[in-house]
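Notes to accompany the following structure.
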Amino acid sequence: MTTSQGAVTVLAVHGNGGGGERFARCAAHMPEGTRLVAPTLPGFAARPRDPALRTLADYADRLADEVRAVTRAEGATPVLLGHGIGGSIALDLVSRHPELVAGLVLHAPVGAHLDTRLFPRLMTTRPARAVVRRAISSRLLRPVWRRLFFPYGAPRPVLEEFFEAYRTCAVFGDMFDLITSSWFDGLSPVRGVPVVVLWGADDRVLRRGQADAVGEKVPGAEVVVREGWDHFPMIEQPEEYAVAIATIARDLLAR
């Protein structure tokens, strides 16, 4: 968002398992005049579940409350950044309420090819979801997950916090019921808001080949692929990620 001084605020929405803490490292590196706000949605990380949130639209409407709070505090609308399922929630919100944001950045959002990708198909039952969540948070398996999820590396305390968040995430499994191919197919295309679809060239969690299908829901969006990024550059390359997001946000506002 912009103010009379040219300041920009980005509201960042985390993916599954963790919360706003995933953006803590890059928030500290945002260039002068750019601020990043990263709330934790109900049920994620250690924040308690809200039983009133039963659909993805409910989560999107709760995100709308966060957007309005930032708008009231700063006097202008923010640029919205969604990562992973955070991108799904942001996409749902902006498809229905484009007036709430000044721009949208979808970083490897979940939604495309859900009926053909192996992992979503494996996660169709609650027992499977419980096993996966426990496995990701397992202290015994963390050396394996560190190599798989973070090939470029990050400080050990940061990664310990990342994996531990899955242990307390109450809605990890629920997201596989809410983010489905029927939900994605039923989304109205986003109109009237400038959009960037952002992907890491080395993303092994959500392959960049999904960008074309995502683009069908955001006609005219610019697709940006960054070399040397896997799925979590906000954790592995926080300074580079901060500069990239700040630059994209300002470009969106200039359109």
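Go through (1) of a type outside the set (K, R); (2) in a helix (DSSP H, G or I); (3) over 24 Å from Q210 (Cα atoms) for L91 and report which single condition fails.
(3)
Can you list residue pairs whose Cβ atoms sit under 7 Å apart, with the first residue in the range 16-43 being on the phi < 0 side of the Ramachandran plot and part of a helix (DSSP H, G or I) and the second being crowded, with 20+ Cβ neighbours inside 10 Å and β-branched (V, I, T)? Count only pairs 6 or more apart in sequence or on different chains.
R22/I235; R25/I235
Would you pick out the residues in the range 156-166 that are among the charged types (D, E, K, R) and either within 13 Å of L141 (Cα to Cα) or buried (at least 20 other Cβ atoms within 10 Å of the Cβ) (or both)?
Start the filter on the range 156-166 by keeping residues that are among the charged types (D, E, K, R), which leaves 156, 160-161, 164.
Within the range 156-166, E160, E164 qualify.
Condition test on V197, is it at pLDDT 95 or above, of a type outside the set (S, T, N, Q) and touching a Ser or Thr at 6+ places or on another chain (Cβ under 7 Å)?
In short, no.
Pairs only if they're at least six apart or on different chains, beta carbon under 6 angstrom, first in the range 73-91 and among the polar types (S, T, N, Q), second surrounded by fewer than 24 Cβ atoms within 10 Å (Cβ to Cβ) and in a helix (DSSP H, G or I); list them, first residue then second.
Going by the 6 Å Cβ cut-off, the qualifying pairs are T77/T71.
Among the residues of the range 243-254, are any in a loop (DSSP other than H, G, I, E, B) and either surrounded by 15 or more Cβ atoms within 10 Å (Cβ to Cβ) or of a type outside the set (S, T, Y) (or both)?
No, because not a single residue in the range 243-254 is in a loop (DSSP other than H, G, I, E, B) and either surrounded by 15 or more Cβ atoms within 10 Å (Cβ to Cβ) or of a type outside the set (S, T, Y) (or both).
R139 versus (1) assigned to a loop (DSSP other than H, G, I, E, B); (2) under 24 Å from W229 (Cβ atoms): which is the lone unmet condition?
Of (1) assigned to a loop (DSSP other than H, G, I, E, B); (2) under 24 Å from W229 (Cβ atoms), only one is false for R139: (2).
The values are calculated or read from the model by the stated rules, or taken from the named source; none is laboratory data. Being a predicted model, the structure only gives us computed values, none of them experimental. With ideal geometry, Cβ positions are generated from the backbone for all residues, glycine too; neighbour counts draw on all protein chains shown.
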